[in-house]
Amino acid sequence: MNERRRGPVLIELEDGPDTDARQGPAEAPREPGPSPADAPAIDDPDGPLPRPRTMEMVTRLIGRPPSRLTRIFINSGVALFAFLLSIAALDFLNGLLNSYPLLGWIGIALFAVFTLAALGMAWREYRAWARFARIDAIQRRAGSALAEGSLDQARQATRDLLAIYHKRPEMEWAAKRLAEHQAEAVDAQSLLTMAETELMAQLDQEARREIEAAARTVAAATALIPLALADVAAALAANLRMIRRMAEIYGGRAGAVGGWRLARTVMTHLVATGAVAAGDDLIHTVAGGGVLAKLSRRFGEGVVNGALTARVGIAAMEVCRPLPFIAQPRPKVGNLVTRGLRGLFD
């Protein structure tokens with residue numbers, strides 16, 4: 001059998017309608033159809049990222065200072081209320097002494113106990129703020145010693161650190177070790193590095209755990225609480241507690257008034273250092289929140305709110321820490337949020 005040979009097939013395309021009589025009648029020109037490039041995108045990867053509305057509200061509540069008129073109104077109102085309450089209490093006790101002397105003396109004793117307790121709380125607030133001022137002085141002295149290379153200032157800062165931490169049982173061994181080896185340092189940086197390694201490393205780990213717990217709480221509250229202001233209240237309480245814990249870890253004490261003032265100081269530090277902007281340590285977390293927002297908007301907002309809470313915690317560390325970060329690694333938002341959310345799911 002003869003095999004049929006296969007060769008190339010040539011198809012001629014003519015532009016004119018009547019160039020070849022064998023092609024038959026010419027067809028009418030067709031209008032161009034829709035292009036696939038004009039089709040709408042199925043998934044827009046550059047969509048808007050979830051807004052951290054909860055942390056924005058918390059930041060406004062804490063960081064916005066009251067105006068002078070507001071301060072005058074609040075202070076004068078509190079003073080007037082205390083004055084009128086004292087006059088009313090004294091008038092009531094005077095009438096009670098005239099009518100029932102025994103009950104009058106009991107009322108006077110209770111009023112005296114309340115007055116002493118109020119004075120004691122005021123004294124505790126004053127001591128707590130004085131302790132913060134002492135830590136702030138150590139920070140400035142350590143920064144000046146590093147900038148000027150002054151060994152004397154570094155030794156003074158080390159002595160102040162030992163005075164703060166030598167009475168704490170968990171810091172006793174580290175403080176004793178630092179006191180024994182601080183004479184081996186030959187310059188300011190080596191001495192402060194030794195002090196940071198011996199005293200701050202353990203405290204930094206505790207501070208990181210507190211930040212992770214606060215970030216986990218805020219993320220869970222944003223994702224799971226459907227009420228509008230309940231998540232704001234939960235985030236505010238978590239941030240205030242975290243800031244107070246930062247002060248307690250690094251040697252300070254914060255009461256009601258002192259804790260609120262410390263929170264305002266932390267927010268001012270955030271604004272002054274530009275940490276409220278999205279840096280490299282926050283971009284990946286915010287992008288991850290945008291990806292999760294495609295599945296659940298509330299959960300994506302929770303991740304971003306947790307990241308901002310971690311940034312507030314890092315700022316609280318920098319404010320409450322007696323020494324700057326020299327040899328110890330500075331915490332990053334991404335690592336803290338990752339460990340915090342891992343603890344949420346574990």
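The values are calculated or read from the model by the stated rules, or taken from the named source; none is laboratory data. Please read all numbers here as calculations on a predicted model, not as lab measurements. Here Cβ is always computed from backbone atoms with ideal geometry, including for glycine, and neighbour counts include all displayed protein chains.
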Point to revise | THR217 vs. criteria part of a helix (DSSP H, G or I), hydroxyl-bearing (Ser, Thr, Tyr) and at pLDDT 85 or above | key: yes
Review point. What do you reckon, is ALA233 within 11 Å of the chain's Cα centre (by Cα), over 30 Å from ALA179 (Cα atoms) and part of a helix (DSSP H, G or I)?
Key: no
Review point. Only one residue in LEU80, LEU84 is more than 23 Å from GLY259 (Cβ to Cβ), within 39 Å of the chain's Cα centre (by Cα), in a helix (DSSP H, G or I) and modelled with pLDDT of 90 or more, so which one is that?
Key: LEU80
Revision key, fill the gap. Of the residues in region 172-186, those that are buried (at least 18 other Cβ atoms within 10 Å of the Cβ) and not in a helix (DSSP H, G or I) come to ALA185
Review point. Listed residues TYR100, TYR126; which is closer than 24 Å to THR265 by Cβ, without any contact (Cβ under 8 Å) to a residue 60 or more places away in the chain and of a type outside the set (D, E, K, R)?
Key: TYR126
Point to revise | region 118-150, residues that are of a type in the set (A, V, I, L, M), surrounded by fewer than 17 Cβ atoms within 10 Å (Cβ to Cβ) and over 26 Å from the mean Cα position of the chain (by Cα) | key: ALA118, LEU119, MET121, ALA122, ALA147
Review point. Quick one: how many residues across region 319-333 are touching a Ser or Thr at 6+ places or on another chain (Cβ under 9 Å) and surrounded by 18 or more Cβ atoms within 10 Å (Cβ to Cβ)?
Key: 2
Check your understanding: If we only count helices (runs of 4 or more DSSP H) wholly inside region 270-346, which ones have 1 or more residues that are modelled with pLDDT under 55 and polar (S, T, N, Q)?
Key -> 280-293
Practice item. Take region 130-152 and flag every residue that is over 12 Å from PRO322 (Cα atoms) and in contact with a Leu (Cβ under 9 Å, 6 or more places away or on another chain). Key: ALA145, LEU146, LEU151
Study note, to complete from the structure: Selection from region 132-154 of residues in a helix (DSSP H, G or I), without any contact (Cβ under 8 Å) to a residue 60 or more places away in the chain and not basic (Lys, Arg) yields ALA133, ASP136, ALA137, SER144, ALA145, ALA147, GLU148, LEU151, ASP152, GLN153, ALA154
Exercise for review: Pick out the one residue from LEU191, LEU178 that is out of contact with any Pro (no Cβ under 7 Å at 6 or more places or on another chain) and free of Cβ contacts under 8 Å to residues at least 24 places away in the same chain.
Suggested key: LEU178
Practice item. Inspect region 155-171 for any residue being part of a loop (DSSP other than H, G, I, E, B) and either touching a Ser or Thr at 6+ places or on another chain (Cβ under 6 Å) or closer than 20 Å to GLN328 by Cα (or both) and give the result as yes or no. Key: no
Check your understanding: Of GLN189, GLN205, which residue is at pLDDT 85 or above and surrounded by fewer than 14 Cβ atoms within 10 Å (Cβ to Cβ)?
Key -> GLN205
Review point. Do you know which residues across region 211-225 are surrounded by fewer than 21 Cβ atoms within 10 Å (Cβ to Cβ) and within 28 Å of PRO324 (Cα to Cα)?
Key: ALA213
